[in-house]
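The structure appears below as structure tokens.
No lab work stands behind these numbers, since they all come straight from the coordinates. As the structure is a prediction and not an experimental result, all values here were calculated from the model. Methodologically, a virtual Cβ is constructed for each residue, glycine included, from the backbone with ideal geometry; neighbour enumeration extends over all protein chains shown.
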Ligand SMILES: Cc1cc2nc3c(=O)[nH]c(=O)nc-3n(C[C@H](O)[C@H](O)[C@H](O)COP(=O)(O)O)c2cc1C
């Protein structure tokens with residue numbers, strides 16, 4: 001897939017997810033075949049005020065490139081200033097704008113999906129960033145119930161200079177309930193000239209193929225199903241390339257991935273930024289001995305002990 005002049009290796013993308021897509025996790029997804037990964041959303045205001053807790057979200061390394069950094073805000077001027085700062089500090093391949101987050105923390109200030117109510121402000125934000133930055137600017141939206149209104153916003157984003165558009169097939173009111181509506185996504189793809197990426201409810205090989213085929217989008221983006229499961233990118237890219245389901249030992253794989261994730265958190269000095277129990281919960285979700293693993297992690301007194309225990313379990317898994 002090509003976004004502006006950027007060649008993206010493949011068309012299966014990791015979605016931006018707050019408190020999930022930190023550098024170690026993105027790096028693992030990338031190694032397993034994610035075509036591009038996105039940072040957790042970064043507040044434009046926090047960039048301007050140089051909030052260190054926020055700025056760590058842009059931390060990257062060569063091996064994970066290409067990287068998209070996502071920002072949110074409500075003012076074209078502040079967002080442009082913040083994006084210029086991000087461009088200078090982190091040199092991402094893409095800067096993405098969040099027009100989709102339904103969380104009250106954002107919408108009460110007119111950010112994220114609240115902006116879908118003011119298409120003219122969306123236009124101003126995208127055109128300001130597109131004019132001022134040398135990095136390609138992309139946008140991520142949710143759909144509106146009204147197809148025509150959704151199309152109007154998609155067209156505005158394109159005409160404002162966005163290099164690609166990701167569409168999550170749910171409305172803001174739906175939050176994460178119900179099913180993603182890929183009819184809207186398909187219509188947007190039919191009408192726009194820029195690459196369109198379909199997002200929502202892609203959780204395995206078959207749903208990936210189905211959404212790609214139905215929407216005819218240039219790419220697909222995966223969120224929740226990848227949490228604690230970076231190996232999903234290997235499975236999906238293998239299937240899309242060969243038409244065959246990859247055989248693997250799930251238990252071994254999950255434990256090895258959790259262990260590698262903790263090692264990378266240590267390596268990049270990011271262990272203090274995560275909630276270890278939540279991470280362990282995601283990586284062991286649905287596993288036969290998941291509870292046992294989580295208990296062992298909770299009882300460990302150091303990260304060395306966690307890693308040692310995981311190595312032991314890995315030897316005896318499956
Ligand atoms: C924990 C979590 C955090 C998220 N954070 C962001 C975010 O920072 N920016 C964003 O655009 N979307 C965010 N999303 C939405 C996802 O990027 C994605 O659009 C949504 O989960 C639908 O895709 P899925 O069905 O594959 O999960 C988040 C979703 C979850 C579950």
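The ellipsoid equivalent to the alpha-carbon distribution of region 137-267 has semi-axes of 31, 16, 14 angstrom, derived from the gyration tensor eigenvalues as √(5λ) and listed largest first. Once the Cα atoms are used to define both axes, helix 290-299 deviates from the longest principal axis of the chain by about 80 degrees. The three principal axes of the C-alpha atoms in region 1-113 carry coordinate ranges of 37, 28, 27 Å, sorted with the longest axis first. Counting only DSSP beta bridges whose two residues both lie in the chain, roughly 5 percent are antiparallel.
Restricting the calculation to Cα atoms, the chain yields a radius of gyration followed by a Dmax of 19.4, 58 Å.
Which angle between 0 and 90 degrees, to the nearest 10, do you get for helix 182-191 versus the longest principal axis of the chain when only C-alpha atoms count? Roughly 50 degrees, rounded to the nearest 10. May I ask for the angle, rounded to the nearest 10°, between helix 303-315 and the longest principal axis of the chain, with both axes built from Cα atoms and the value confined to 0 to 90°? Long axis of 303-315 versus the principal axis of the chain: about 70 degrees.
Measuring between their Cα centroids, region 175-226 and region 2-57 lie 19 Å from each other. In the chain, the calculated helix contribution to ellipticity at 222 nm averages -13500 deg cm²/dmol per residue, counting -39,500 (n - 2.57) for every DSSP H run with n ≥ 4. Ordered by the number of other Cβ atoms lying within 10 Å of each residue's own Cβ, fewest first, 275, 155 fall into the sequence 275, 155. For the peptides 162-171, 303-312, the ranking by mean Cβ contacts within 10 Å, running from highest to lowest, is 162-171, 303-312. The ranking of 273, 215, 107 from fewest to most other beta carbons within 10 Å of each one's beta carbon is 273, 107, 215. Per residue, how big is the convex hull around the C-alpha atoms of region 250-315? Give it to me in cubic angstrom, could you? Spread over its residues, the Cα hull of region 250-315 gives 74 Å³ apiece. Annotation: the residues 214, 32, sorted from fewest to most other C-beta atoms within 10 Å of their own C-beta, follow the order 214, 32.
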